[in-house]
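The values are calculated or read from the model by the stated rules, or taken from the named source; none is laboratory data. These numbers were taken from a predicted model, which means no experiment stands behind them. Quick note on the areas: whole protein, heavy atoms, side chains included, nothing else; ligands and nucleic acids left out. Shrake-Rupley method; radii C 1.70, N 1.55, O 1.52, S 1.80 Å.
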Amino acid sequence: MGLIENPKTYTGRDLETIFFRPMLKGDDATALGIRVLYNMPVPTTIQMWSPQSDILQEYTSGWSGGNSAERKQKRIELTKIKAEVGFSASDYANQVYELITARADVNLDDLTGSELEQAETEMFRAAIAESLRVMMWIGNVDAEKFNRFNGFITTLNNYANEGAVTTVNFASTKPSADNIISILKGIWDQAPARLKSLKSEDMLAFFVTSDIYEAYENYLDNFGTDAAYSDLTTGRRELYYHGIKLIDMGISHYLPMLDGGPTTYCMLTDRRNLALAVNTADYPGSEIRMWYNPDEMENRQRAIFMAGCEILDEELVVRGDFS
């Protein structure tokens with residue numbers, strides 16, 4: 001237990017390279033299916049450029065001017081947040097050692113401080129990553145839980161109330177293999193032409209709850225083909241509807257914890273349109289600290305940083321209303 005009790009603090013460059021960057025860059029960030037912005041200047045302002053569609057002119061001498069692109073600017077509000085976890089010393093030791101023994105390359109007769117530190121860091125990093133992932137979808141500052149900042153669904157509802165989002169009404173429809181195509185097709189049919197034009201860039205996605213994802217999977221299982229049988233027995237790694245990927249938001253088991261509201265969600269947008277911003281550089285006091293409290297006989301972990309998310313262009317979203 002001696003090595004586990006050694007205090008560890010990550011600040012500055014170590015905070016970025018050891019803790020947050022591995023979590024927010026590369027495969028882990030790609031798996032979220034959205035745009036992740038890490039350590040952008042605060043306040044985080046995103047410039048969205050779209051090329052002018054008509055800049056060709058009749059040739060004449062002299063300069064006739066004009067802009068090559070149109071710019072739209074969106075600001076992502078970041079909230080100062082912290083994460084704190086406390087374990088009894090015995091529970092903490094068991095969890096850390098379980099992570100270590102699961103690795104095939106570890107010599108259990110010679111555990112170094114570095115290996116223990118990696119296990120401690122990975123355990124806390126996984127907890128923060130999951131909390132951020134859930135908050136970015138269902139966060140609501142007016143709720144009792146998951147209320148540090150507004151997530152995409154709350155933001156989407158606010159924009160819809162302002163009339164800035166295309167909404168397809170499915171009333172109290174329960175997704176099933178029989179109606180899932182009408183749901184997906186209904187959302188696609190109502191998509192604005194500008195959103196449909198982005199399909200060729202292969203960045204459109206249906207962000208859905210598990211019931212919609214499973215209904216579409218059941219629909220595909222009903223096809224009496226060799227491919228369908230193979231998928232039925234071995235599973236499908238990814239689902240697509242007319243070339244558009246379905247991404248399960250992985251929030252269905254959290255929704256019952258909220259106060260009312262629908263438990264089925266579906267929205268179609270460009271994956272680059274949903275942005276999660278995390279900052280550990282521009283906030284004094286940002287740190288990761290892990291230490292042992294002998295008075296309480298408890299191992300403690302604390303993270304202090306800033307985070308927020310935003311839908312960059314609300315006009316490029318179509319949502320299904322299942323309320």
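General remarks:
- Counting only protein chain heavy atoms and rolling a 1.4 Å probe, the accessible areas of 221, 142 rank, largest first, as 142, 221.
- In this view, the solvent-accessible surface of residue 25, computed with a 1.4 Å probe and all protein chains in place, comes to about 80 Å².
- Integer Hz, Karplus 6.51/-1.76/1.60 couplings in order for region 310-323, x for Gly and Pro: 7, 8, 5, 9, 5, 6, 9, 10, 10, 10, x, 9, 10, 6
- From the largest down, region 116-165 spans 52, 21, 9 angstrom on the principal axes of its Cα atoms.
- Each of 291, 137 has its accessible area taken with a 1.4 Å probe; listed largest first, they run 291, 137.
- Against the rule of thumb 2.2 N^0.38 Å, how large the Cα Rg of region 158-205 comes out: 1.33
- Accessible-area order (highest first, 1.4 angstrom probe) of the listed residues 61, 286: 61, 286
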